[in-house]
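Have a look at the structure below before the remarks.
The values are calculated or read from the model by the stated rules, or taken from the named source; none is laboratory data. Model, not experiment: these values are computed from the prediction. Because the Cβ atoms are built from the backbone with ideal geometry, glycine has one as well, and the counts that use them run over all protein chains shown.
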Amino acid sequence: MANLRQAQKQMTRRLLLESGLELFKTKGYAATTVDDIATAAGTTRVTFYAYFPSRSELMKALIDEQLNEALQRVSSPEHGSTAQGLVATVADGTPEAFTAWLRRTADSWPAIRPIIRVGRDAAAVDPELVDLVERWLEEAISDIEDGLTAAGRFAPHQRRFRGVLAMAELDYVAQHWDGADWKLTREQMLDELSTSWVRLLT
């Protein structure tokens, strides 16, 4: 019985997260209320507050849980979150390793793109969410820095900035690939990204 109740709680929480994300995408963060989210999830305002203290906290959960899950990021005492696969890829430094990691990441773009977009939309109007998405990017940059440190490549003062450049490229392409007319196939785009990362990080 306890397991059933726990499963129901997890289902309700997931419904609230999914409903919130869908409403943030269609109505915008500013126009979406707690009542809207609760109604879309088939529950009540009281139930919403049993899971999330505020709309801001639900948005944070989307970033901390769903985005990190999609990108295989886990909790890290040093950086907030880390993706050991990215650290290992950068430390490896071969074109094959970069291409494989970028391909896996591109496979997750349909899942992560809407979360990042609504996160930036939310940060523009909610002081509690300022730098929410940027914090996640900083954590990914730290992974690249850690990989370069493990490999002993570049001077210490260069490593973080090279991570900044690599993630700036990746973030821009990820956010615009679905609507851009860049005259490239997906495989050609991944090859170009991989070549650029090899130049930046090796």
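The residue that is surrounded by the most Cβ atoms within 10 Å (Cβ to Cβ), counting only those in the range 93-109 that are in contact (Cβ under 8 Å) with a residue 24 or more places away in the chain and outside any loop (DSSP other than H, G, I, E, B), is PHE98.
Among the criteria (1) assigned by TED's automatic domain parsing to the domain that holds THR149; (2) assigned to a loop (DSSP other than H, G, I, E, B); (3) of a type in the set (A, V, I, L, M, F, W, C), the one ALA61 does not fulfil is (2).
Evaluate the following for ARG5: is it closer than 17 Å to PRO114 by Cα, among the charged types (D, E, K, R) and either out of contact with any strand residue (DSSP E or B) (no Cβ under 8 Å at 6 or more places or on another chain) or not in a helix (DSSP H, G or I) (or both)?
For ARG5, the condition - closer than 17 Å to PRO114 by Cα, among the charged types (D, E, K, R) and either out of contact with any strand residue (DSSP E or B) (no Cβ under 8 Å at 6 or more places or on another chain) or not in a helix (DSSP H, G or I) (or both) - is not met.
LEU102: among the aliphatic types (A, V, I, L, M) and either touching an Asp or Glu at 6+ places or on another chain (Cβ under 9 Å) or modelled with pLDDT of 90 or more (or both), yes or no? Considered against the rule, which asks whether it is among the aliphatic types (A, V, I, L, M) and either touching an Asp or Glu at 6+ places or on another chain (Cβ under 9 Å) or modelled with pLDDT of 90 or more (or both), LEU102 comes out as yes.
Determine, yes or no, whether THR195 is touching a Lys or Arg at 6+ places or on another chain (Cβ under 8 Å) and modelled with pLDDT of 95 or more. Spelling it out, it is not the case that THR195 is touching a Lys or Arg at 6+ places or on another chain (Cβ under 8 Å) and modelled with pLDDT of 95 or more.
Here the range 1-27 is the region considered, the condition is being among the hydrophobic types (A, V, I, L, M, F, W, C) and exposed (fewer than 15 other Cβ atoms within 10 Å of the Cβ), and the residue that is nearest to THR39 (Cα to Cα) is MET11. Selection of the range 152-201 for residues being within 18 Å of ARG103 (Cβ to Cβ) and β-branched (Val, Ile, Thr) yields VAL173, THR185, THR195, VAL198. Pairs are defined by a Cβ separation below 6 Å, a sequence spacing of at least 6 or placement on different chains, a first member in the range 9-35 that is among the aliphatic types (A, V, I, L, M), and a second member that is part of a loop (DSSP other than H, G, I, E, B); the pairs so defined are LEU15/ALA41; LEU16/ALA41; LEU23/THR32.
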